[in-house]
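Undergrad: The structure's right below; bear with me while I get my questions together.
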Amino acid sequence: RRQKKTASHAVTELENTKDCSQAGKPLLCPSHPTEELRLFCEQCDQPVCRDCVLGRHRQHPCDFTGNVIHRHGDALRELLKSSQQHMDTLEDVLSQVDEMGSAIRSRAEAVAAEICQFARGYVKVIEEHRDRLLKQLEDLKVQKENLLHLQKAQLQQLLLDMRTGVEFTEHLLMSGSDVEILVTKGVVSSRLTKLNSVAYSTHPSVDDRIQFSPHERAGQCCGYEVFGAILNKVVDPARCTLHGEDLHSTRQNQLSGFTLLCKDTTGERMGRGGEAVRITITHKDKRDCALNPTVCDNGDGTYCISYSPEEPGLYAVCVCVKGQHVQGSPFTLMVKHKFREHQGVFHCCTFCSSGGQKAARCACGGTMPGGYQGCGHGHKGHPGCHHWSCCGQVKESSECLCGPPSDTSQRSLLRTVAL
């Protein structure tokens, strides 16, 4: 009641208003407390009293509340209906959100179970792969130790035999009489000669080259791909070989190449890549002419070397693995001129193909004695054989050895025959 705007308002306790309906009581104007709100100002969109209409709402369109309540009530009902529809939609969306949350939680739990199962399987596979690698390593160690033990036993036996022979010979020469020396000389010499001729390796039969490659693919195990392998093979450049049809000869401006096969010290294929391969191809007559070959590691112990020479001639090719020449390196490569296509016609002979024309010319140099006698005639140089009219080659897929013959050479080979 101390506020000016609410000084004339009727204030009651909330507890007292629960059972009391205010619908039948008239509403009084807050600006004119003695006047009832019976009019509605359309411009200001609010109920007003008679004094308000005469005052600040004088020029505003006003009407009695009973006349405008239907129009404004209908608009309010439409708005209420729309709001209720939105409420229903929101409730459905909230329900879907709750369901999706439950589905996400259920799905996450299922995926977590799959991850745990996958991890357990993967860990089990890795442990099995670890045990398999350790077993392989133990077998390799035992194998190398057995080979060393065998070599050691053989060397010890050879050393014992030599020591016995040497001691006996020294004792014979120092304490034996002349006759004794001469009598046993043959047996002692034969024994020492035989011992000296025994071949033995001056190095251990095996080495300690055992490596573990964690990035090496080890195949599939129970549906999982595992990595890690024990590498005991060492490439031997002297046992590596070169293969290919274009190994020693090729054509100018033609993509050619060959294959390098790497092998280990036992001559077996390496089966893996990663070796340091270096290729040099240089022209023997032109110092500033060298090819830049491309080396493709196939990952299985083979390497594809490709190149395209621009200059014909003889080239020196060096193939090195780990700085050492492979088997057959260095070697020479002959680059021939570009393949020359035939300019003439491939047929039995020019005379026959021309239908017996006297002006027919053949570059093969053959003559036609007796004139036209069909395809089986004795054409000098190519009797009964098809050949090229430009250079006389008898193979259809061969290379033309000369250019088109000049008119002078053609006239010198021309022979007029009577039909």
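The values are calculated or read from the model by the stated rules, or taken from the named source; none is laboratory data. Only a predicted model underlies this, so the values are computations on that prediction, with no experimental measurement involved. FYI the Cβ positions are ideal-geometry reconstructions off the backbone, even for glycines, and counts take in every protein chain you see. These accessible areas exclude ligands, DNA and RNA; they are computed on the full protein's heavy atoms, side chains included. Shrake-Rupley method; radii C 1.70, N 1.55, O 1.52, S 1.80 Å.
Undergrad: Between beta-carbons, use under 14 Å as the cut-off and find the net charge around residue 267, counting Lys and Arg +1, Asp and Glu -1. Intermediate results must be reported in sequence, preceding the final value.
TA: On the way: positive: 233, 239, 263, 269; negative: 236, 264, 268.
Summing Lys and Arg as +1 and Asp and Glu as -1 gives +1.
Undergrad: Further question: Highest mean first, how do 148-157, 49-58 rank when packing is the count of other Cβ atoms within 10 Å averaged over residues?
TA: Working: 148-157: 11.8, 49-58: 15.2.
Output ranking for 148-157, 49-58: 49-58, 148-157.
Undergrad: Same structure, new question: Please give me the summed charge of the neighbours of residue 327: other residues whose Cβ is under 11 Å from its Cβ, Lys and Arg +1, Asp and Glu -1. List each step's numbers first, then the result.
TA: Values: positive: 239, 263; negative: 236.
It works out to a net charge of +1.
Undergrad: Please work out the FRET efficiency for the pair residue 69 and residue 32, using the Cβ-Cβ distance as r and a Förster radius of 22 Å; give the result to the nearest 0.05. Don't skip to the answer; put the middle values down first.
TA: Details: r = 21 Å, r/R0 = 0.97.
Working from the Cβ atoms, E equals 0.55.
Undergrad: Continuing with this model, one more query. Probe 1.4 Å, all protein chains in place: accessible area of residue 258 in Å², nearest 10?
TA: For residue 258, the solvent-accessible surface is approximately 10 Å².
Undergrad: Which whole-Hz ³J(HN,Hα) couplings does region 91-97 yield from phi under the Karplus relation 6.51 cos²θ - 1.76 cosθ + 1.60, θ = phi - 60°, glycine and proline marked x?
TA: 5, 5, 5, 4, 5, 5, 5
Undergrad: Scan around residue 221 for amide H atoms under 5 Å from its own, H built in the peptide plane at 1.01 Å from N, and keep only partners 5 or more places away or cross-chain.
TA: Placed amide hydrogens put 226 under 5 Å from residue 221.
Undergrad: Further question: Using modelled amide H (1.01 Å from N, peptide plane; none on Pro or chain starts), what sits under 5 Å from the amide H of residue 345, excluding residues fewer than 5 places away?
TA: 389, 390
Undergrad: Sticking with this structure for a sec: Apply the a/c threshold of 1.5 to the C-alpha gyration tensor of region 51-155 and tell me whether it is rounded, prolate or oblate. Write down the numbers at each step before the final one.
TA: Details: a/c = 14.46, a/b = 6.01, b/c = 2.41.
Prolate, because a/c is 1.5 or more and a/b exceeds b/c.
Undergrad: So what does residue 338 come to for accessible area, using a 1.4 Å probe and Å² rounded to 10?
TA: Approximately 120 Å² of residue 338 is accessible to the 1.4 Å probe.
Undergrad: Something else now. Could you work out, for region 235-336, what percent of all Cα-Cα pairs fall into each 5 Å distance bin, beginning at 0 Å and stopping at the bin that holds the largest distance?
TA: Bin by bin from 0 Å, the calculated values are 3, 14, 25, 25, 16, 10, 5, 2.
Undergrad: Something else: Residue-wise, which Karplus ³J(HN,Hα) couplings in Hz belong to region 146-155, taking 6.51 cos²θ - 1.76 cosθ + 1.60, θ = phi - 60°, and x for glycine or proline?
TA: My calculation for region 146-155 gives 5, 5, 5, 5, 5, 5, 5, 5, 5, 5 Hz in order.
Undergrad: Compute, for region 235-336, the length of the dipole vector about the Cα centre, with Cβ point charges of +1 (Lys, Arg) and -1 (Asp, Glu) only. Units Debye, rounded to 20. Walk me through the numbers before you get to the answer.
TA: Details: 11 positive and 12 negative charges, 37 e Å.
Charge dipole, region 235-336, about its Cα centre: 180 debye, nearest 20.
Undergrad: Sort 88, 246 from largest to smallest accessible area, using a 1.4 Å probe on the heavy atoms of the protein chains. Kindly include the intermediate steps, with their values, before the conclusion.
TA: Working: 88 85, 246 45 Å².
Reading off the accessible areas and sorting them downward yields 88, 246.
Undergrad: How big is the accessible area of residue 391 in square angstrom, nearest 10, if you roll a 1.4 angstrom probe over the protein chains?
TA: 30 Å²
Undergrad: Quick check: with the 1.4 Å probe, what order do 162, 334, 174, 87 take by accessible area, largest first? Kindly include the intermediate steps, with their values, before the conclusion.
TA: Values: 162 50, 334 80, 174 160, 87 110 Å².
Largest accessible area first, the list is 174, 87, 334, 162.
Undergrad: Now for a separate question. Describe numerically, in nm with one decimal, the distance between label points set 7 Å from Cα along Cα→Cβ at residue 149 and at residue 14.
TA: 9.7 nm
Undergrad: Could you order 241, 294, 280 so the one with the most accessible surface comes first? Probe is 1.4 Å.
TA: Values: 241 20, 294 80, 280 50 Å².
Heavy-atom accessible area, descending, gives 294, 280, 241.
Undergrad: What nm value, rounded to one decimal, do you get for the distance between residue 90 and residue 182 when each label is placed 7 Å out toward the C-beta?
TA: Calculated label separation equals 13.5 nm.
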